[in-house]
Amino acid sequence: MPTIKSKTQFLKELIALKEVIDAGKISTAADKNGLKSTNLSKLITSLESRLHTKLISRSSKGVYPLEEAVKINETTEKIIKLLEVLFVEYGHSTKMTGCISIYSEEDYIGSYFFEKLQKFLQSYPFLKIKIFSGEKVDLDQMDLIISSNGSNLSRTRSLYKTEIQSHFYISDKYIQRHGKPENLSDLLENHFLCMRHSDFQHKEISYIIKTAKHLNITADETSIVFRVIQNGDAVGILPEWCGDFDPSVFRLDNVFISIKKDFDVMYNMKTKNAVMMKSVLSFLKNFNKEGEFSKNPPLN
């Protein structure tokens, strides 16, 4: 007769198998669940020994399920859905553990969204949030994706749409050294500029690139441009969240030019049913109802 301990261990192994199959890599599944890869691998090996059959094929590129694992996984998924219903209804949500992965383009990474996310973490202090912004990110492994190219992404659905504007910013240090530009013509003719490489693609900036006489510094990261402006070495373009929340730099309101960039905040259809993802999506959906986000599509 199976004991509680043996049943629990068996269930743990089944869930481990499903997590690995869904993630495609043991390391990815382990990281997402706050486990060591070796411990997760041992759970799979234990299940294979228990069932006397090989369940996954491992390679340097990841893992893929064998025929028996696919059958097992279908049943495990039903069990997990039932467990999640019980957990949401009766579980202690503040003790929920796990990791939510978020990809965000750099323009959006310090915006209003992350203020809300911080409030979410206050309700779920044991959850971990990992934020990625580099180019070499596997978006299929992200739970939330914030991108200006949302329509090009498969396996995702939009949670809401928003926009970020960028403007020219300056510091008092720069004004003390070089004076304040009187207008756009003065800026382009007489002042030092710093811009990100990514800004060059915007049509609003093409005139500046062609006309500016002192575009001395370009960079690939917002943090570098911000530091140059903060140090008083140049006038530069920053996303409004970056400039408007730091008193050491301020917007050049007499230079009437800005860059508008539209963003989709999306969720991964593969992971949307996980308990922790249901919680964060529900949290953001409630803010939508309160009118804190605009351009909101229905959340299914």
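The values are calculated or read from the model by the stated rules, or taken from the named source; none is laboratory data. What you are looking at is a predicted structure, and each value in this text was computed from that prediction instead of being measured. Glycine gets a Cβ as well: all are built from the backbone with ideal geometry, and neighbour counts include every protein chain shown.
Here are the numbers:
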read-out	value
Pair list, Cβ under 9 Å, 6 or more apart: region 61-82 residue in contact (Cβ under 8 Å) with a residue 60 or more places away in the chain and of a type outside the set (S, T, N, Q), other residue surrounded by 14 or more Cβ atoms within 10 Å (Cβ to Cβ) and part of a helix (DSSP H, G or I)	Ile79/Leu11; Ile79/Leu14; Ile79/Ile15; Ile80/Leu14; Ile80/Ile15; Ile80/Lys18
Candidates Pro239, Pro181, Pro247, filtered to the one that is in contact with a Leu (Cβ under 6 Å, 6 or more places away or on another chain) and either modelled with pLDDT of 90 or more or within 17 Å of Gly110 (Cα to Cα) (or both)	Pro181
From the options Lys130, Lys78, residue that is modelled with pLDDT of 85 or more, closer than 30 Å to Thr45 by Cα and within 16 Å of the chain's Cα centre (by Cα)	Lys130
Close pairs (8 angstrom Cβ cut-off, 6 or more residues apart or separate chains): assigned by TED's automatic domain parsing to the domain that holds Ser279 and closer than 18 Å to Lys32 by Cβ in region 119-137, assigned to a helix (DSSP H, G or I) and basic (Lys, Arg) anywhere	Phe126/Lys95
Evaluation of Val225 against (1) touching a Lys or Arg at 6+ places or on another chain (Cβ under 6 Å); (2) assigned by TED's automatic domain parsing to the domain that holds Gly134 (one fails), failing number	(2)
Subset of region 258-285 (residues that are of a type outside the set (A, V, I, L, M, F, W, C) and in a loop (DSSP other than H, G, I, E, B))	Lys270, Thr271, Lys272, Asn273
Region 35-73: number of residues that are of a type outside the set (Asp, Glu) and more than 18 Å from Gln9 (Cα to Cα)	14
Scope region 162-179; condition of a type outside the set (Ser, Thr, Tyr) and touching a residue at least 60 places away in the same chain (Cβ under 8 Å); matching residues	Glu163, Ile164, Gln165, His167, Phe168, Ile170, Asp172
Checking Met269 against (1) of a type outside the set (Lys, Arg); (2) at pLDDT 85 or above; (3) crowded, with 18+ Cβ neighbours inside 10 Å; (4) under 30 Å from Glu84 (Cα atoms), the condition it does not meet	(3)
Meets criteria (outside the structural domain of Pro239 (by TED's automatic domain parsing) and either surrounded by 14 or more Cβ atoms within 10 Å (Cβ to Cβ) or modelled with pLDDT under 90 (or both)) for Lys36	yes
Qualifying position, being within 20 Å of Cys242 (Cβ to Cβ), over 32 Å from the mean Cα position of the chain (by Cα) and not acidic (Asp, Glu), among Leu187, Leu193, Leu215	Leu187
Answer residue from region 1-18, given it is modelled with pLDDT of 90 or more and among the charged types (D, E, K, R) and is surrounded by the most Cβ atoms within 10 Å (Cβ to Cβ) among those	Glu13
Residues located in region 5-30, provided they are touching a residue at least 60 places away in the same chain (Cβ under 8 Å) and polar (S, T, N, Q)	Thr28
Members of region 215-254 found to be in contact (Cβ under 8 Å) with a residue 60 or more places away in the chain and not hydrophobic (A, V, I, L, M, F, W, C), listed by number	Glu221, Thr222, Asn231, Gly232, Gly236, Pro239, Glu240, Gly243, Ser248, Arg251, Asn254
Residues of region 152-172 classified as out of contact with any Leu (no Cβ under 7 Å at 6 or more places or on another chain) and over 14 Å from Arg251 (Cα atoms), total	11
